[in-house]
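Here's the structure we're looking at; comments come further down.
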Amino acid sequence: MKATRTSGLVMLALAGILCFAAARDFRAMWARDRVFPAPGFRMEMLSKYLPSIKGTGVDTEVYVQEGPEKGGTVFVLGGTHPNEPAGYLSAVVMLENARVKRGRLIVVPFGNASGFTHNQPQEASPSRISFKLPDGSERSFRYGSRDVSPLIMWPVPDVYVHKASGQALSGNESRNLNRAYPGDPAGTPAERLAYAIMELLRRERVDLAFDLHEASPEYPVVDAIVAHEKSMEVAAGAAMDLKLSGIEMRLEPSPKKLRGLSHREWGDGTGAMPFLIEVANPSQGRLRGRTDERLVKTGLDKAYLKASGLGRLFVPYDSKGKPIEERVGRQLATVMSVVSAFSDFNSERGVVIEGVPAYEEMVSLGIGAFLKRQALN
Ligand SMILES: [Zn+2]
């Protein structure tokens with residue numbers, strides 16, 4: 001009897017320790033990666049545009065910097081898909097380095113915030129990736145899932161019906177922010193998040209809106225700008241400029257009938273010109289081998305070398321791989337070229353942003369050179 005009571009107490013104590021550890025991990029899982037905005041940015045929350053998401057897992061930080069001279073407004077969304085690191089790292093690099101001289105820059109680095117709290121099931125992806133800074137310290141970032149967390153959005157329906165159009169997609173897409181636009185203020189967490197972003201674009205009178213992504217090299221829309229018809233002229237000007245500086249970016253028209261995507265709905269439902277930027281990343285693809293931090297950072301994979309030799313990829317690919325510096329440099333160069341092409345055509349709404357690293361700088365110095373040092377403690 002005594003032995004039973006003692007072992008019962010021991011079991012209870014062990015269960016208590018386990019609960020404590022689990023609660024600590026659970027809280028850490030929801031903690032956002034820290035960012036260190038450049039001087040001049042102020043922070044607000046996205047729930048300013050839809051109060052019902054305040055305090056929920058989809059609310060996220062919005063950073064705004066206004067230049068001394070009046071002009072237009074540029075919006076940069078990273079982290080729509082938290083398993084596409086060049087997307088959110090480009091937004092973080094802009095946030096930590098930009099100096100706005102004219103107009104306004106709004107950056108949302110972690111668009112699908114709850115997607116950073118979990119991994120995509122069965123993909124065996126790393127949970128973090130880290131970068132060395134010039135002083136020898138490190139910064140690490142989460143590698144998440146493309147979907148809104150199942151903890152706040154579950155179960156998923158068998159068929160996802162896009163409310164505004166009636167378009168039917170696989171049930172999994174109901175948790176994909178980039179199928180949820182224009183959203184619904186009283187809808188699912190993904191639909192509310194999408195609606196809040198649309199509201200931001202409308203209320204802040206955004207001129208240029210960027211959604212930053214990565215995709216597999218065997219997918220035809222990579223190293224590409226996907227442009228709404230009203231963004232096409234500016235996107236074409238930017239693609240030409242990029243080509244002159246040796247950066248090839250395809251131009252893809254946003255399909256009119258594929259609904260729910262940022263490049264379609266932002267353009268149809270707000271005054272902004274949308275641009276979705278897609279860069280090629282082998283750690284996204286189906287041909288890849290082991291998905292570890294090395295693959296995510298170097299983009300170097302044997303199977304992709306073979307596929308490239310067989311002519312099966314849509315981008316040039318060799319033993320240099322697709323390093324993250326190249327992918328982030330390409331994203332940033334594209335954003336900056338679009339901003340300058342737009343400002344050439346629109347003298348009143350022009351925007352001038354300095355301090356964002358050029359493609360060559362990013363490729364030669366690496367991301368760490370453009371990240372702020374993590375404060376001690
Ligand atoms: Zn994506």
*Of all the residues that make up the range 196-219, how many are assigned to a helix (DSSP H, G or I) and touching a Leu at 6+ places or on another chain (Cβ under 9 Å)?*
4
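When you check residue 230 against the structure, is it without any contact (Cβ under 8 Å) to a residue 24 or more places away in the chain, over 19 Å from residue 179 (Cα atoms), over 19 Å from the mean Cα position of the chain (by Cα) and surrounded by fewer than 23 Cβ atoms within 10 Å (Cβ to Cβ), yes or no? Give the derivation first.
Numbers: without any contact (Cβ under 8 Å) to a residue 24 or more places away in the chain: no; over 19 Å from residue 179 (Cα atoms): yes; over 19 Å from the mean Cα position of the chain (by Cα): yes; surrounded by fewer than 23 Cβ atoms within 10 Å (Cβ to Cβ): yes.
No.
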*Just to be sure, is residue 130 among the hydroxyl-bearing types (Ser, Thr, Tyr), assigned by TED's automatic domain parsing to the domain that holds residue 323, touching a residue at least 60 places away in the same chain (Cβ under 8 Å) and in a loop (DSSP other than H, G, I, E, B)?*
no
*May I ask you to list the residues in the range 135-153 that are part of a loop (DSSP other than H, G, I, E, B) and in contact with a helix residue (DSSP H, G or I) (Cβ under 8 Å, 6 or more places away or on another chain)?*
143, 144, 145, 146, 147, 148, 149, 150, 151, 152, 153
*Residue among 156, 222 that alone is in a loop (DSSP other than H, G, I, E, B) and within 16 Å of the ligand (Cβ to nearest atom)*: 222
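Yes or no, residue by residue, for (1) loosely packed, with under 10 Cβ neighbours inside 10 Å; (2) outside any loop (DSSP other than H, G, I, E, B):
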position: 22; (1), (2): no, yes
position: 28; (1), (2): yes, yes
position: 35; (1), (2): no, no
position: 39; (1), (2): yes, no
*Of (1) touching a Pro at 6+ places or on another chain (Cβ under 8 Å); (2) small (Gly, Ala, Ser); (3) without any contact (Cβ under 8 Å) to a residue 60 or more places away in the chain, residue 144 satisfies all except one. Which?*
(3)
_Odd one out for residue 71, checked against (1) over 19 Å from the mean Cα position of the chain (by Cα); (2) outside any strand (DSSP E or B); (3) modelled with pLDDT of 95 or more_ = (2)
*residue 175 being at pLDDT 95 or above, out of contact with any Pro (no Cβ under 7 Å at 6 or more places or on another chain) and within 14 Å of the ligand (Cβ to nearest atom)*: yes
*asked:* Could you tell me how many of the residues in the range 233-248 are touching a residue at least 12 places away in the same chain (Cβ under 8 Å), among the hydrophobic types (A, V, I, L, M, F, W, C) and surrounded by fewer than 24 Cβ atoms within 10 Å (Cβ to Cβ)?
replied: 4
*Mind listing whichever residues of the range 41-68 are part of a loop (DSSP other than H, G, I, E, B) and within 29 Å of residue 234 (Cβ to Cβ)?*
50, 60, 67, 68
*asked:* Pairs needed: first member in the range 73-85, within 12 Å of residue 125 (Cα to Cα); second member anywhere, of a type in the set (D, E, K, R) and away from the ligand (no atom under 11 Å from the Cβ); C-beta distance under 8 Å; at least 6 residues apart or different chains.
replied: 82/142; 83/123
*Scan the range 191-208 residue by residue and report those that are farther than 21 Å from residue 85 by Cβ and within 16 Å of the ligand (Cβ to nearest atom).*
194
*Does at least one position in the range 245-255 carry a residue that is within 14 Å of the ligand (Cβ to nearest atom), more than 24 Å from residue 51 (Cα to Cα), among the polar types (S, T, N, Q) and not in a strand (DSSP E or B)?*
no
*Could you tell me which of the residues 80, 56, 60, 6 is modelled with pLDDT under 95 and of a type in the set (S, T, N, Q)?*
6
*Just one of 99, 42 is away from the ligand (no atom under 16 Å from the Cβ), in the same structural domain as residue 187 (by TED's automatic domain parsing), among the basic types (Lys, Arg) and under 23 Å from residue 202 (Cα atoms); which is it?*
42
*asked:* For the range 71-91, give me the residue count where each residue is farther than 16 Å from residue 334 by Cβ and more than 15 Å from the ligand (Cβ to nearest atom).
replied: 3
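The values are calculated or read from the model by the stated rules, or taken from the named source; none is laboratory data. What you are looking at is a predicted structure, and each value in this text was computed from that prediction instead of being measured. For neighbour counting, all protein chains shown are included, and Cβ atoms are generated from backbone atoms with ideal geometry for every residue, glycine included.
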